[in-house]
1. Restricted to region 140-173, and to residues that are among the acidic types (D, E) and over 11 Å from the mean Cα position of the chain (by Cα), which residue is nearest to V80 (Cα to Cα)?
2. If I ask for residues that are under 22 Å from K49 (Cβ atoms), surrounded by fewer than 18 Cβ atoms within 10 Å (Cβ to Cβ) and modelled with pLDDT of 95 or more, which ones from region 110-160 would you list?
3. For S128, all conditions in the list (1) touching a residue at least 24 places away in the same chain (Cβ under 8 Å); (2) under 19 Å from G8 (Cβ atoms) hold save one; what is the number of the exception?
4. Only one of (1) more than 18 Å from V142 (Cα to Cα); (2) surrounded by 14 or more Cβ atoms within 10 Å (Cβ to Cβ); (3) modelled with pLDDT under 95 is not met by S3, so which one is it?
5. Restricting attention to region 87-96, and to residues there that are outside any loop (DSSP other than H, G, I, E, B) and of a type outside the set (D, E), which single residue is modelled with the highest pLDDT?
6. How many of the residues making up region 141-159 are under 13 Å from F75 (Cβ atoms) and assigned to a loop (DSSP other than H, G, I, E, B)?
7. Got a sec? Which helices (runs of 4 or more DSSP H) wholly within region 17-86 have at least 2 residues that are in the same structural domain as A155 (by TED's automatic domain parsing) and touching a residue at least 12 places away in the same chain (Cβ under 8 Å)?
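The values are calculated or read from the model by the stated rules, or taken from the named source; none is laboratory data. Here the structure is a predicted model, which is why all the values come from computation and not from measurement. In this analysis, Cβ positions are derived from the backbone assuming ideal geometry, glycine residues included, and neighbour counts consider all displayed protein chains.
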Amino acid sequence: MTSVRIKGSVLKSRLAFVQDLAQEAGVARVLGRLAPAQQAELKGLLATKWYPFTLGRDLDEAIVAELGRGQSSFFEKLGVASAEKNLTGVHKEFLVAGNPHAFLERTPMIYSFYYDKGRREYQKVGPSEAVLTTHDAETFSVPDCATVVGWHRRALEMCGARSPRVVEEECRARGGHVCRYRLSWS
């Protein structure tokens, strides 16, 4: 297996979430759960640089253990915070006000901004429903999938969708063949 990488902006969003939630002391506790080399790498993050997926996975596990009481669903909150940070800043051009489907059509491109392996497809299912499916990702984790759920729910709200729902119907980290998310809104 080749080394899968994620963007530094993903890791920075996770650390910013910890900072907002638990201040510097929380960041220090989370980082304290990681190896010294990982701590050093996370302290010098660049948003545009690619980092090993394993660094993100280990950071996720440390956050869940330290702040999430062992519950990976905690990462839905992180996904919401990440969408708010990235979609009001560097990636605000992804949003399409008043048109969630136009935003979701950009799913393959958006995926490639955050991950360097695999792909995510968009399928319009109805006027206010879509399915996103992640294929060929070499690595995956339950916390990362929970982040995707929260990120897309908040992104849909930011596009003007009311009462958005995102349900992961199939998950590779839970034994599925793909990660499949059903999105709906009113």
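1. Filtering region 140-173 down to residues among the acidic types (D, E) leaves 144, 157, 168-170.
Those still in the list that are over 11 Å from the mean Cα position of the chain (by Cα) too: 157, 168-170.
Details: E157: 10, E168: 16, E169: 19, E170: 21 Å.
For region 140-173, the residue satisfying everything is E157.
2. Listed by number, the list holds a single entry, R119.
3. (2) is the only condition that S128 fails.
4. All conditions are met except number (2).
5. First, the residues of region 87-96 that are outside any loop (DSSP other than H, G, I, E, B): 92-94.
If we keep only those that are of a type outside the set (D, E) as well, we get 92, 94.
Numbers: K92: 92, F94: 95.
The qualifying residue modelled with the highest pLDDT is F94.
6. Qualifying residue count for the region: 1.
7. On the way: elements: 36-43, 53-67, 74-86.
The qualifying helices (runs of 4 or more DSSP H) are 74-86.
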